[in-house]
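See below for the structure under consideration.
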Amino acid sequence: MNPLANLTTTAEPTLLVITGPTAVGKTALCVALAQQLATDIVSADSRQFFRELSIGTAKPTRAEMGGVRHHFIDSHSIADDYNAGRFEQQALATLDELFQRHQIVILTGGSGLYLQAVTEGLDDLPAAPPEIRAGLHLELAAQGLEPLVAELARLDPLAHSRIDLQNHQRVLRALEICRATGQPFSSFHGHKAAERPFRIIKIALTRERDELYRRIDQRMDQMLAAGLEAEARALYPHRHHNALQTVGYQELFGYFEGHYNYAEAVRLLKRNSRRYAKRQLSWLRRDPQYHWLHPDEVNW
């Protein structure tokens, strides 16, 4: 069954969600669809929000946007305290305005939590005492992320298997809840999806693993040729910001600090990007509402 059958024949406002792992081909496909549908794109890529990050986030250029209006790209600074909860509020307000002009709007990105925030809402997590958060940040600064990841594996194996373990903000948030409540972070998940005033169609793009991994390696080579190292050097003084605790920058920061040579940095960039894609796929497969398609199969 084609999930996009009769897409343009209904008057019901429709949010077309198109996601998938890094380098699968989301940008080109979404721009082509938006041009055909004469609509806008709302980005749910949690790194492309930030004005200071461009090459390392594969942010689409003006030419690649093809004249399509994109929302939530270059919308914030790395100094902003931005999270999925704030994005949910702002994205829903933007969609409310867009549906006054468009029957269909495209939501795209590879950040599963931010897609969930818009389509389902987020879990209502308990508050944790600020001293727990402060203590975790002190431990991170003194010992690094590895011991905290090990603690999360012990306290909450399910969360350990699901979250991005290279994103220290996600790891600290999970541990914060574990320590504050004495219960697994994952036990607070599983809420009923929030009602939305629009229909939602979810499509996840996929490719054969060898093809996807080849595209990821090629993208890393293209980023480096485009000046990723220089971009990372310019951002290095700001490396403590949450937005930079991510694949694409951390590997080069380690090279700048002398932990390994340039060749090893490139190897880690490609390896960690492939691992990130695997985690993205694992997250998306938890949601049975996604229709899985190769980018060439998306049509109506």
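The values are calculated or read from the model by the stated rules, or taken from the named source; none is laboratory data. The structure displayed is predicted, hence computed values, not measured ones. Neighbour counts are summed over all protein chains in view; Cβ atoms, including those assigned to glycine, are modelled from backbone coordinates with ideal geometry.
Looking at (1) under 19 Å from the mean Cα position of the chain (by Cα); (2) hydrophobic (A, V, I, L, M, F, W, C); (3) closer than 22 Å to Arg47 by Cβ, which is the only condition Ala265 fails?
Going through the list (1) under 19 Å from the mean Cα position of the chain (by Cα); (2) hydrophobic (A, V, I, L, M, F, W, C); (3) closer than 22 Å to Arg47 by Cβ, Ala265 breaks only (1).
Within region 200-231, count every residue that is farther than 19 Å from Ala23 by Cβ and more than 18 Å from the chain's Cα centre (by Cα). Reasoning before the result, please.
Just the residues of region 200-231 that are farther than 19 Å from Ala23 by Cβ, to begin with: 200-202, 229-230.
With more than 18 Å from the chain's Cα centre (by Cα) added as a condition, the list becomes 200-201, 229-230.
Selection size over region 200-231: 4.
So Ala5 passes all but one of these: (1) surrounded by 15 or more Cβ atoms within 10 Å (Cβ to Cβ); (2) at pLDDT below 95; (3) touching a Phe, Trp or Tyr at 6+ places or on another chain (Cβ under 9 Å). Which condition number does it fail?
Just one mismatch for Ala5, condition (1).
Can you tell me which residue within region 178-203, out of those that are of a type in the set (Gly, Ala, Ser) and surrounded by 15 or more Cβ atoms within 10 Å (Cβ to Cβ), is nearest to Trp292 (Cα to Cα)? Don't jump to the end; show me each part of the working.
Of the residues in region 178-203, the ones of a type in the set (Gly, Ala, Ser) are 180, 182, 186-187, 190, 193-194.
Among the residues that remain, those that are also surrounded by 15 or more Cβ atoms within 10 Å (Cβ to Cβ) are: 180, 186.
On the way: Ala180: 38, Ser186: 26 Å.
It comes out as Ser186.
Scan region 278-294 for residues that are in a helix (DSSP H, G or I) and either among the aromatic types (Phe, Trp, Tyr) or modelled with pLDDT of 95 or more (or both) and report the count. Explain how you work it out, then say what you get.
Filtering region 278-294 for residues in a helix (DSSP H, G or I) gives 278-285.
Within this subset, residues satisfying the condition of being either among the aromatic types (Phe, Trp, Tyr) or modelled with pLDDT of 95 or more (or both) are 283.
Result for region 278-294: 1.
Which one of these does Gly109 not meet: (1) on the phi > 0 side of the Ramachandran plot; (2) more than 22 Å from the chain's Cα centre (by Cα)?
Gly109 satisfies every listed condition except (2).
Exactly one condition in (1) over 28 Å from Asn83 (Cβ atoms); (2) outside the structural domain of Glu52 (by TED's automatic domain parsing); (3) surrounded by fewer than 19 Cβ atoms within 10 Å (Cβ to Cβ) is false for Ala265; which is it?
Of (1) over 28 Å from Asn83 (Cβ atoms); (2) outside the structural domain of Glu52 (by TED's automatic domain parsing); (3) surrounded by fewer than 19 Cβ atoms within 10 Å (Cβ to Cβ), only one is false for Ala265: (3).
Which residue pairs have Cβ atoms under 9 Å apart, sit 6 or more places apart or on different chains, and have a first residue in region 163-177 that is buried (at least 21 other Cβ atoms within 10 Å of the Cβ) and a second that is of a type in the set (D, E, K, R) and not in a helix (DSSP H, G or I)?
Val171/Asp164; Ala174/Asp156; Leu175/Asp156; Ile177/Asp156
Select the helices (runs of 4 or more DSSP H) contained entirely in region 45-160, then report the ones holding at least 2 residues which are surrounded by fewer than 16 Cβ atoms within 10 Å (Cβ to Cβ), in the same structural domain as Ile18 (by TED's automatic domain parsing) and at pLDDT 95 or above. Before the answer, list the steps.
Details: elements: 62-65, 84-98, 112-119, 130-143, 146-155.
Those helices (runs of 4 or more DSSP H) span 62-65, 84-98.
Among the residues of region 239-261, are any loosely packed, with under 13 Cβ neighbours inside 10 Å and at pLDDT below 95? Break it down stepwise before answering.
Start the filter on region 239-261 by keeping residues that are loosely packed, with under 13 Cβ neighbours inside 10 Å, which leaves 240, 257-259, 261.
Keeping just the survivors that are at pLDDT below 95 gives 240.
For region 239-261, residues loosely packed, with under 13 Cβ neighbours inside 10 Å and at pLDDT below 95: present.
For the subset of region 34-46 comprising residues that are in contact (Cβ under 8 Å) with a residue 60 or more places away in the chain and out of contact with any Ser or Thr (no Cβ under 8 Å at 6 or more places or on another chain), which member is nearest to Thr119 (Cα to Cα)? Full working, then the answer.
Step one: filter region 34-46 for residues in contact (Cβ under 8 Å) with a residue 60 or more places away in the chain, giving 34, 37-46.
With out of contact with any Ser or Thr (no Cβ under 8 Å at 6 or more places or on another chain) added as a condition, the list becomes 34, 38-40.
Values: Ala34: 19, Ala38: 22, Thr39: 19, Asp40: 17 Å.
Filtering region 34-46 for residues that are in contact (Cβ under 8 Å) with a residue 60 or more places away in the chain and out of contact with any Ser or Thr (no Cβ under 8 Å at 6 or more places or on another chain), the one nearest to Thr119 (Cα to Cα) comes out as Asp40.
How about region 8-44: which of its residues are β-branched (Val, Ile, Thr) and either part of a loop (DSSP other than H, G, I, E, B) or farther than 25 Å from Glu88 by Cβ (or both)? Walk me through it before giving the result.
Of the residues in region 8-44, the ones β-branched (Val, Ile, Thr) are 8-10, 14, 17-19, 22, 24, 27, 31, 39, 41-42.
Selection gives Thr8, Thr9, Thr10, Thr22, Val24, Thr39.
Is at least one residue of region 31-44 more than 28 Å from Thr246 (Cα to Cα), buried (at least 18 other Cβ atoms within 10 Å of the Cβ), modelled with pLDDT of 95 or more and small (Gly, Ala, Ser)?
Yes, region 31-44 contains a residue that is more than 28 Å from Thr246 (Cα to Cα), buried (at least 18 other Cβ atoms within 10 Å of the Cβ), modelled with pLDDT of 95 or more and small (Gly, Ala, Ser).
Please count how many residues of region 159-190 are farther than 21 Å from Leu281 by Cα and in contact with a Phe, Trp or Tyr (Cβ under 7 Å, 6 or more places away or on another chain).
Number satisfying all stated conditions: 2.
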